[in-house]
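The values are calculated or read from the model by the stated rules, or taken from the named source; none is laboratory data. Keep in mind it's a predicted model, so treat the numbers as computed, not measured. Methodologically, a virtual Cβ is constructed for each residue, glycine included, from the backbone with ideal geometry; neighbour enumeration extends over all protein chains shown. Surface accessibility is based on the protein's heavy atoms, side chains included, excluding ligands, DNA and RNA. Shrake-Rupley method; radii C 1.70, N 1.55, O 1.52, S 1.80 Å.
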Amino acid sequence: MSEVENTSFKDCLQRLMTSLKDLKYEEATSQLAALHPAEIARLLESVPPKDRTQLWLNIDSETQGDILKDLNENVQSQLLSKMDVDGVVKATEGLDMDDLADIVPVLPESALHNLLLTLDYKHKDHLKRVLSYPEDSAGGLMNIDIITVRNDVTVRTVIRYLRLLKEMPIDTDQVFVVDRTYQYLGSIYISTLLTNEAEQNIDPLINKDLKPILAITTDNEVASLFEQRNLISAPVVDENNQLIGRITIDDVVDVIRDEAEHSVMSMAGLNEEEDVFAPVMQSTKRRSIWLGVNLITVFIAVFFIGLFEATLQAKISLAILMPVVASMGGIAGTQTLILVTRGIATGRVTTSNLKVLMNKEVTIGFLNGIVWSLVISVATYVWFVDLMLSLVIALAVIVNLIFAAFSGAFLPLLLIKFKIDPALAGGVILTTITDVIGFVAFLGLAALVI
């Protein structure tokens, strides 16, 4: 985001908060009315729940629908709970099926029932089709609003058909070609139609290089395909190669944003859907679970330190230097963990090339261990004038950096195998490993030679 955009949002938020502080809700609502629905959604997420609700109820229902699709689930649920059934139906009935499918899980049951009554058979069938796929799959992302043509017509026929439609779906850069059984054959870019003779048959113009995306493809894989192929839209097919929808670039941008937020928030054990202004007790409960997990891992490290109590009592300098070994391992391991976790998310790292990557990371850990063990041992000798202590900490640093690199590379795939998100649990487990290895290596060597 540019500095200009950042400043603009900050100014809008500051003006809005000033109006809310002075209880000027009409003025605050008028400020929102001049903004894009996505900007309004971001501002609503940035104000306390009480003010958020007051603003929400003053926004017209047509705009509410466009705002809802850009809100996180917690805020969606909170605002929908403040609306009556008719209001929910009015706000959501004009949404595209893919956007509606995203909101369905947080809709009150009575509102969902009434909303389904407003849909005709075709739209109900489309919604059912989207909901039949996981939310984080191509089928869950797709929009069923597509334009299809047969391969035995002319350019003139296709253009006439497009004109009869009066309006094309957003981000339509191509029309999809299917046979009589709706089997996907390829696509034709709108630019191709406009630059060819009217009597030209479209069959030789079909772009068969654009491979369809299988509906069960994960959203991360979809994002990678769009990035690699510079796509604006892409067809989605089922297991029988029947065209069932399309994915557009706006859906992919949402996936990329959500993945980035997930990566950052997971490092602290938080959910990317977390409401900044969620109730205190609710936030406390969620965060306390993560703190409890962290406490357990700390006690594991403390247990191993306790095994060397006599060694620590004999030489207090060991206690002073312990954090150095653990910290160096923690940083080295985290670097590898983030690199590998990101590689897995983008499809660049799999079990097939893991061994090569692990060899590389362990080598890096060893070389860094050699370099920094020399630096640390010299500093230790200058500080404590103890040659044996300097050698012990040097060896411990080398050992910990090697184990840290190995663990950082291997741990993400191991966690995925057990269906655990490495972005969420990897950091805590890795820190425990590097702490334990570092303490045992340092204090164990000290117990043997000092």
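Say a paramagnetic label sat at a point 7 Å from the Cα of ASP171, along Cα to Cβ; which residues of the stretch 209-245 have their backbone N under 15 Å from it? Flagged as within label range: 213, 219-236, 245. Estimated from the Cβ-Cβ distance and a Förster radius of 51 angstrom, the FRET efficiency linking SER8 and PHE384 is about 0.35.
Axis angle, to the nearest 10 degrees, between helix 387-417 and the longest C-alpha principal axis of the chain: 30 degrees.
Spread over its residues, the convex hull of the C-alpha atoms of the stretch 65-214 is 130 Å³ per residue. Largest first, the residues LYS360, LYS166 sort by 1.4 Å accessible area into LYS166, LYS360.
Accessible surface calculations at 1.4 Å, restricted to protein heavy atoms, place the chain at 55 Å² per residue. Dimensions of the chain based on its C-alpha atoms, expressed as ranges along the principal axes with the largest first, amount to 89, 62, 40 Å.
TYR25 exposes around 50 Å² of accessible area when a 1.4 Å probe is run over every protein chain in place. Rolled with a 1.4 Å probe across the full set of protein chains, the surface gives LEU367 an accessible area near 100 Å². Ratio of Rg to Rh for the stretch 338-450: 1.08 [Cα atoms; Kirkwood radius as inverse mean 1/r over pairs].
Please work out, to two decimal places, the log10 of the ratio I(q)/I(0) at q = 0.08, 0.10, 0.16 Å⁻¹ from a Debye calculation in which every Cα of the stretch 1-150 carries one identical scatterer. Calculated log10 I(q)/I(0) at the listed q: -0.26, -0.40, -0.90.
Using 0.36 nm per residue, how much length does the chain from SER110 to TYR25 gain when fully extended, once their Cα-Cα distance is taken away? Intermediate values should be presented prior to the final figure.
Values: separation 85, 0.36 × 85 = 30.60 nm, distance 2.97 nm.
Stretched fully, the SER110-TYR25 segment lengthens by 27.6 nm.
Shape annotation for the stretch 209-262: C-alpha extents along the principal axes are 35, 20, 15 Å, from largest to smallest. For the pair ASP179 and ASP84, how long in nm is the line joining their label points, each one 7 Å along Cα→Cβ? It is 5.5 nm.
Where Lys and Arg each count +1 and Asp and Glu each count -1, what net charge lies around THR334 among other residues with Cβ under 15 Å from its Cβ? Spell out each step's value before the answer.
Details: positive: ARG342; negative: GLU361, ASP435.
Residues close to THR334 contribute a combined charge of -1.
With axes computed from alpha carbons, what is the tilt in degrees of helix 354-384 against the longest principal axis of the chain, rounded to the nearest 10 within 0 to 90? Long axis of 354-384 versus the principal axis of the chain: about 40 degrees. In terms of accessible area, using a 1.4 Å probe and ignoring ligands and nucleic acids, ASP66, ASP51 rank largest first as ASP66, ASP51. Entry note, the stretch 378-437: relative contact order of 28 percent, from Cα contacts under 8 Å with a spacing of 6+ residues. Using the rule -39500 (n - 2.57) for each DSSP H run of four or more residues, divided by the residues of the chain, the 222 nm mean residue ellipticity is -21500 deg cm²/dmol. Put TRP372, TRP290 in order of accessible area, highest first, and with a 1.4 Å probe you get TRP372, TRP290. VAL236 sits among other residues whose Cβ lies under 13 Å from its own Cβ, and their net charge, with Lys and Arg +1 and Asp and Glu -1, is -4. Round to the nearest 10 and give me the degree value, 0 to 90, for the angle of helix 109-118's Cα axis relative to the longest principal axis of the chain. Around 30 degrees separate the two axes.
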